[in-house]
Amino acid sequence: MSGAARRTAVPSSLLAAVVLVARALVALPERADPVPTPESVLGFRPGEDGRLADWPQITEYFRRLAAASTRVRTEDVGRTTEGRPFLLVTITSAANQARLEEIRRDNLRLWDPRGLTDDEAERILRRGRAIVSMNYAIHSTEVGSSLTPLVLAHRLATSPAPEIARVLEETVVLLIPSHNPDGTDLVTAWQRGHAGTPFATTTPPALYQKYAGHDNNRDWYMFTQAETLLTVRHVHDRWRPQIVHDVHQMGTKGARLFLPPYLDPVEPNVDPLLVDGVNALGSAMAWTLAGQGKTGIAINAIYDAWTPARAYQHYHGGVRILSEAASANLASPIDVPFDHLATRGRGFNPRERSWNFTNPWPGGRWTLRDIVSYQTDAAYALLENAARYRDVWLANFLTVEGRAVRGWHSWPYAYVLPRQQRDTVGLATLLGILHRGQVEIRTALHPIALGGQRYAAGSYVVVLRQPYAAFAKALLEPQRYPDLRLYPGGPPLPPYDVTAHTLPLLMGVTAVAARDSLRIGLSAPVEPPAATPTYGGAVGPDARRVGLYRSYDAPLDEGWTRWVFDTWHVPYVSIVDSVVRAGKLTERFDVLVLPDQSPNELLSGLPRDYPAPYPGGLGDEGVKALRAFVQEGGTLVALNDASRFAAEQLLLPVRNVLEGVADDEFYAPGSIFRLELDTAQPVARGMPAQSVAWYENGPAFDVLDSSAVRVIGRYPADADKVLLSGWVLHPERVAGRAALVEVKHGAGRVVLFGFRPQYRGQSIATYPLLFNSLQLIKP
């Protein structure tokens with residue numbers, strides 16, 4: 001259109017008529033109703049103090065919104081862990097909605113540019129749209145993010161503002177209103193059920209995701225949970241977004257909002273251009289919000305970008321923007337005077353101005369409405385950037401994928417996974433993970449000679465010359481986390497999460513890096529074999545006689561243990577404090593399992609300000625009952641930190657050599673250690689002599705009475721051989737020490753694990769140690 005034509009006045013009545021005709025042509029009959037506001041469905045305005053929405057209300061709103069707006073499409077794409085509908089909401093212009101499949105197919109051509117001509121690429125870059133995924137409410141006590149998507153979607157569906165029109169025209173927004181609807185309902189029901197009481201501001205006494213709890217955002221390479229799989233299938237596999245926005249909340253006494261750049265270290269397999277994109281977009285969002293008068297925004301602080309468990313998109317061609325708003329007391333406001341703010345944060349001081357925290361929050365009242373405001377404005381800032389620089393986002397996406405298919409010169413050519421493995425379930429699981437992450441797996445058509453070894457034809461080969469090579473490499477290689485300190489010569493700077501994620505080690509699988517081309521024939525990409533996890537043990541005369549302790553101060557490890565037991569068909573009964581405290585446990589159980597939890601939490605549980613029956617923990621009565629259970633012939637299995645509780649409370653003849661040791665004297669925040677096993681012991685039956693241990697803040701033991709204690713597993717005597725992947729300071733502290741022991745106690749026994757044998761559903765290599773311990777019925 002010429003400038004003269006644009007300046008020509010159009011009568012308002014004619015313009016209105018044109019708009020009505022256009023809408024009539026594109027609108028579906030059911031979209032005749034006015035676009036609903038969130039409050040018209042919820043009965044309150046999102047952000048109102050003390051008011052939360054449950055999942056039926058949220059789903060009802062998005063269905064009504066889609067029925068009334070040509071910009072919105074709502075899909076029920078599957079079922080959650082507990083059977084609730086899982087929604088995907090697609091928001092874009094009506095014109096884009098009409099050609100949505102064409103936009104999707106174009107984006108897939110950019111994702112895999114093999115065979116893509118320059119002319120075709122240019123055409124796609126001109127007509128393509130930036131794909132933006134926005135994920136909300138994965139952590140259900142972060143309640144602002146269950147309300148923000150309603151506000152965001154309503155504005156995108158109704159606003160006539162030019163900047164919104166540009167967002168709708170230049171982007172396709174894939175919105176997940178809640179990544180954890182089960183938890184949304186759990187938290188809302190708890191808050192409503194205790195309205196008007198002090199308990200309305202407390203967290204529910206249960207994991208808000210049935211198995212993973214807060215770890216459900218650490219499932220982005222294992223794909224263990226239904227919600228993760230639905231997101232990968234219907235967002236990542238279908239669309240390959242250039243930008244993913246994960247919306248979270250954090251503590252109350254620091255910044256009001258975190259945005260990238262992330263702290264170092266960044267996982268080394270993330271393409272540098274994606275790191276640049278994260279840095280640029282996060283900083284631009286912070287700048288936009290600062291221009292709107294928002295204070296307390298921190299960048300390059302708090303969170304690092306090391307583990308792929310939290311960042312699927314960094315290995316799939318796009319950027320992950322994490323935003324973390326300060327929390328209130330669930331839906332209730334808090335007052336935080338400036339002098340009550342923290343005096344130190346990771347990478348910044350909440351009370352001091354710095355380059356990455358330019359305008360500290362002055363303190364005061366902080367409400368749910370503030371959270372919703374910060375979150376919605378951050379989302380708009382992200383979308384406006386994606387729309388303004390649509391061509392840049394698409395071109396860089398193509399560049400990243402082009403680099404991946406050409407390969408990086410410093411990387412191996414491929415990884416070889418021999419078909420014959422000791423742990424066939426581990427192999428099938430690992431191959432399934434790579435396949436689920438869209439990694440191409442081929443098989444060797446001829447034998448492979450590599451590193452002095454010969455591997456049979458049919459072995460699996462992952463060539464690192466494909467779109468998602470970075471995902472494969474990050475999971476297959478050992479990690480070497482950098483030695484970072486709070487200050488030179490000082491204590492270690494803790495990582496935000498764990499430091500290792502080498503799946504071949506965790507799953508008992510051999511994976512060999514091939515530096516150069518294999519020079520043999522390879523098959524076309526193949527489907528991996530199916531993993532069929534089964535538990536072969538018979539647990540006592542009655543299969544219900546394994547008891548799994550379930551604290552109301554809900555630990556993540558208990559959820560993961562349940563997931564492993566349910567997935568591997570291990571029969572068990574969950575037992576709570578009152579059952580243990582009541583005693584007579586040998587009448588009902590042969591084995592009791594204490595998941596990883598601190599001794600204080602096990603003993604004391606939730607504070608007394610929780611309503612009955614939740615407070616109190618095991619207490620003295622529970623300890624007495626556990627002691628009697630073991631002395632009468634039962635088997636108590638304690639995992640990781642729970643081993644400290646069992647050793648201390650039952651006065652077992654072992655000593656934790658790490659008790660009272662400071663971080664600068666020994667430190668290993670989530671690493672894979674080498675484990676040497678005595679395979680003659682029943683607990684190690686069927687295991688190799690050399691295995692692994694997932695070490696994460698557990699004990700290591702000295703034996704005080706060798707007549708009562710059997711050492712089943714220990715760390716190598718050579719300190720240099722302790723670490724296999726991750727980070728450890730001063731491994732000599734644990735070198736040669738016991739990691740797994742069996743202690744006779746009365747007529748029964750206690751099995752003490754100094755590590756997590758079922759870590760986050762990943763450490764398949766050490767599952768047999770846990771399963772075997774469940775079969776130790778009689779000493």
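The values are calculated or read from the model by the stated rules, or taken from the named source; none is laboratory data. Since the structure is predicted, the reported quantities are computational estimates derived from the model, not experimental observations. Cβ coordinates were reconstructed from backbone atoms using ideal geometry, including for glycine residues, and neighbour counts include every protein chain displayed. Protein only, heavy atoms only, side chains kept; ligands, DNA and RNA dropped before computing areas. Shrake-Rupley method; radii C 1.70, N 1.55, O 1.52, S 1.80 Å.
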Report summary line: Scanning region 655-676 residue by residue, those open to solvent by less than 30 Å² (accessible area, probe 1.4 Å), of a type in the set (Val, Ile, Thr) and part of a loop (DSSP other than H, G, I, E, B) turn out to be 657
Query raised in the report: Counting only residues that are among the β-branched types (Val, Ile, Thr) and either closer than 15 Å to residue 739 by Cβ or without any contact (Cβ under 8 Å) to a residue 12 or more places away in the chain (or both), how many does region 625-659 have?
Result: 3
Requested in this report: Could you please give the count of residues in region 333-359 that are open to solvent by less than 30 Å² (accessible area, probe 1.4 Å) and modelled with pLDDT of 95 or more?
Outcome: 7
Query raised in the report: Checking residue 461 against (1) closer than 29 Å to residue 755 by Cβ; (2) touching a residue at least 24 places away in the same chain (Cβ under 8 Å), which test does it fail?
Result: (1)
Query raised in the report: Any idea which of (1) assigned to a helix (DSSP H, G or I); (2) open to solvent by 20 Å² or more (accessible area, probe 1.4 Å); (3) farther than 24 Å from residue 44 by Cβ; (4) of a type outside the set (Lys, Arg) is the one residue 186 doesn't satisfy?
Result: (3)
Requested in this report: Kindly check whether there is at least one residue in region 677-696 that is closer than 26 Å to residue 568 by Cα, modelled with pLDDT of 95 or more, open to solvent by 40 Å² or more (accessible area, probe 1.4 Å) and among the polar types (S, T, N, Q).
Outcome: yes
Query - Failed item in (1) surrounded by fewer than 24 Cβ atoms within 10 Å (Cβ to Cβ); (2) among the β-branched types (Val, Ile, Thr); (3) touching a helix residue (DSSP H, G or I) at 6+ places or on another chain (Cβ under 9 Å), with residue 751 passing the rest - result: (1)
Requested in this report: Could you please let me know if residue 686 is out of contact with any Phe, Trp or Tyr (no Cβ under 7 Å at 6 or more places or on another chain), closer than 18 Å to residue 764 by Cα and not in a loop (DSSP other than H, G, I, E, B)?
Outcome: no
Query raised in the report: Is there any pair linking a residue in region 660-682 that is at positive phi to one that is open to solvent by less than 20 Å² (accessible area, probe 1.4 Å) and hydroxyl-bearing (Ser, Thr, Tyr), with Cβ under 6 Å and at least six apart or on different chains, and which?
Result: 670/499
Query raised in the report: Considering region 344-359 alone, what residues qualify as being in contact with a Gly (Cβ under 6 Å, 6 or more places away or on another chain) and assigned to a loop (DSSP other than H, G, I, E, B)?
Result: 350
Query raised in the report: How many residues, within region 172-193, are closer than 13 Å to residue 144 by Cα and of a type in the set (A, V, I, L, M, F, W, C)?
Result: 1
Report task. Check every one of the strands (runs of 3 or more DSSP E) wholly within region 362-477 and list those with 1 or more residues that are on the phi > 0 side of the Ramachandran plot and touching a strand residue (DSSP E or B) at 6+ places or on another chain (Cβ under 6 Å). Result -> 363-366
Query raised in the report: Within region 362-415, which residues are closer than 30 Å to residue 48 by Cα, open to solvent by 30 Å² or more (accessible area, probe 1.4 Å) and not charged (D, E, K, R)?
Result: 362, 373
Query raised in the report: Do we find that residue 486 is within 26 Å of residue 273 (Cβ to Cβ) and not hydroxyl-bearing (Ser, Thr, Tyr) in this structure?
Result: no
Report task. Look at residue 638 and say whether it is open to solvent by less than 20 Å² (accessible area, probe 1.4 Å), under 27 Å from residue 672 (Cα atoms) and not in a helix (DSSP H, G or I). Result -> yes
